[in-house]
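Peer 1: Below is a structure I'd like to ask you about.
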Amino acid sequence: MNQSPRIAGPAPRLRVQAMKEYHPPLGSRDKLRLDFNENTLACSPKVREALAEVSAGSLTRYPEREPVEAIVAAHLGLKPEQVALTNGVDEAIHVLFETFLEADDELLLPVPTYTMYEVYASATDARAVAVEAADDLQFPFERLLAAINPRTKVIAIANPNSPSGSAATREQLLEFAARAPHAVLLVDEAYFHFHGETVMDLVGKLPNLVVARTFSKAYGLAGLRLGLLAGPVELMRWVRRVLSPYSVNSLALVCLKAALEDTAYLDWYVGEVLAARSEFEAAVDRLKIRRWPSRANFILVEIGARHEEFVRLMRAAGVLVRDRSSDPGCDGRVRITIGTREQMKHAAVALNEALTALGSGGETQ
Ligand code: PMP
């Protein structure tokens, strides 16, 4: 890597100069948002009430995360020292990589997967080693296991994964933890609530397991930026050295408590999404387009060569979906977030009409 001669003024690190720009397609999203796997409705009304009680005076203080970390830890059956709240899981990933990845280290990950692992790894001096899933997009267990070597320092597994919706089993994850004792095994459970399976109970029992969770999906708090990392005290101690003490703001801390308490709302929303997912999958099957089985609040569908036009037609019908064509092995594939049953009925109509307009099928009614 040579420093670009075109840079005027102070030059950033060479690593940073080599980084790809990443611009998520935000903007003009005042439609049915089936593009970012968010909660498509609202957070718990209890969160709104908690926000309304925030006083102007309380905003003058720096946020105190520790009492809330203790509440979250108790909720997860962990010790407070095992849990760190973060500014979304994105910050958790960033901080974890900054803590552990150095020159000659490797980040091992299956692809396609969540984009930010490679983005944050590219800001370090480590190398990302990507193992591509087969066409069924199932977790490439054997090949990923075979890629472990003494340089492997972090293994990042989104479980369930995005954009595929597929999941690794508990046994597979345990095998990774055992076969790479010199590496941190990050299990990113961003979509845990829709999957129902977790390895959170193993935190502190395995020396290298770190689990991430977000409040951006089922809880409906993406705008507040709330996530967490849970791991053995010995590892979390290092993570806390890198983590800003104030990166989770006080509004987020207030809302977190209220969101955790309202389990009825969370259960209702997750139940609604799971019911909607079955109905929408049936609608997709009737249209005879390929889809991948999903354990999360989205499904990936095969649209083919006219994927860009498809996304435009859906947008024109008021439904935002996400083209994943630039992901490894995903050309022509589009990810559709699952919302409520009512929203997904609307999405199914738009899907049918878009496919009819493209001349690639659609139902005759
Ligand atoms: N991990 C995965 C697997 C995700 O899909 C996402 C969000 N799309 C995140 C982490 C980021 O979550 P957060 O909003 O908490 O930063």
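The values are calculated or read from the model by the stated rules, or taken from the named source; none is laboratory data. Everything numeric in this text was worked out from a predicted model, so none of it was measured. No Cβ is skipped: glycine too gets one built from the backbone with ideal geometry, and neighbour counts run over all protein chains shown.
Peer 1: What is the one condition in (1) acidic (Asp, Glu); (2) farther than 14 Å from Val248 by Cα; (3) in a helix (DSSP H, G or I) that Glu102 does not satisfy?
Peer 2: Exception for Glu102: condition (3).
Peer 1: Taking only the stretch 246-276 into account, find how many residues are without any contact (Cβ under 8 Å) to a residue 12 or more places away in the chain and of a type in the set (Asp, Glu).
Peer 2: 1
Peer 1: Residues of the stretch 29-46 being over 22 Å from the mean Cα position of the chain (by Cα) and not charged (D, E, K, R), which ones?
Peer 2: Across the stretch 29-46, the qualifying residue is only Pro45.
Peer 1: Suppose we keep only residues that are out of contact with any Leu (no Cβ under 8 Å at 6 or more places or on another chain) and among the hydrophobic types (A, V, I, L, M, F, W, C) within the stretch 60-88. Which one would you say is nearest to the ligand (Cβ to nearest atom)?
Peer 2: Residue satisfying both the conditions and the ranking: Leu76.
Peer 1: Here's something else I'd like to know. Out of Arg170, Arg143, which single residue is without any contact (Cβ under 8 Å) to a residue 24 or more places away in the chain, closer than 30 Å to Ser325 by Cα and more than 14 Å from the ligand (Cβ to nearest atom)?
Peer 2: Arg143
Results for (1) assigned to a helix (DSSP H, G or I); (2) assigned by TED's automatic domain parsing to the domain that holds Ala130; (3) of a type outside the set (S, T, N, Q), shown as yes or no for each residue.
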{"site": "Arg315", "(1), (2), (3)": "yes, no, yes"}
{"site": "Asp327", "(1), (2), (3)": "no, no, yes"}
{"site": "Cys330", "(1), (2), (3)": "no, no, yes"}
{"site": "Ile336", "(1), (2), (3)": "no, no, yes"}
{"site": "Met344", "(1), (2), (3)": "yes, no, yes"}
{"site": "Asn352", "(1), (2), (3)": "yes, no, no"}
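Peer 1: Right, next: Check whether at least one residue in the stretch 53-67 is among the hydrophobic types (A, V, I, L, M, F, W, C), free of Cβ contacts under 8 Å to residues at least 60 places away in the same chain, surrounded by fewer than 21 Cβ atoms within 10 Å (Cβ to Cβ) and within 18 Å of Arg213 (Cβ to Cβ), and report yes or no.
Peer 2: no
Peer 1: For Arg213, are the conditions met, namely being within 11 Å of the ligand (Cβ to nearest atom) and on the phi > 0 side of the Ramachandran plot?
Peer 2: no
Peer 1: Pick out the one residue from Val233, Val203 that is more than 15 Å from the ligand (Cβ to nearest atom), touching a residue at least 60 places away in the same chain (Cβ under 8 Å), surrounded by fewer than 22 Cβ atoms within 10 Å (Cβ to Cβ) and within 24 Å of Arg65 (Cα to Cα).
Peer 2: Criteria check complete, one pass: Val233.
Peer 1: State yes or no: is Asp188 away from the ligand (no atom under 12 Å from the Cβ) and within 21 Å of the chain's Cα centre (by Cα)?
Peer 2: no
Peer 1: Across the stretch 236-284, what is the number of residues that are more than 22 Å from the chain's Cα centre (by Cα), over 27 Å from Cys43 (Cα atoms) and not small (Gly, Ala, Ser)?
Peer 2: Residues flagged as more than 22 Å from the chain's Cα centre (by Cα), over 27 Å from Cys43 (Cα atoms) and not small (Gly, Ala, Ser) within the stretch 236-284 amount to 4.
Peer 1: Another question, then. Kindly establish whether Ala130 is assigned to a loop (DSSP other than H, G, I, E, B) and at pLDDT 95 or above.
Peer 2: no
Peer 1: Could you tell me which numbered condition Ala259 fails, if it satisfies all but one of (1) among the hydrophobic types (A, V, I, L, M, F, W, C); (2) closer than 20 Å to Gly196 by Cα; (3) outside any helix (DSSP H, G or I)?
Peer 2: (3)
Peer 1: Consider the stretch 117-127. How many of its residues are among the small types (Gly, Ala, Ser) and assigned to a loop (DSSP other than H, G, I, E, B)?
Peer 2: Matching residues across the stretch 117-127 total 2.
Peer 1: Another question, if that's okay. For Ala354, work out the one condition from (1) buried (at least 20 other Cβ atoms within 10 Å of the Cβ); (2) touching a residue at least 24 places away in the same chain (Cβ under 8 Å); (3) closer than 26 Å to Pro160 by Cα it doesn't fulfil.
Peer 2: The failed condition is (3).
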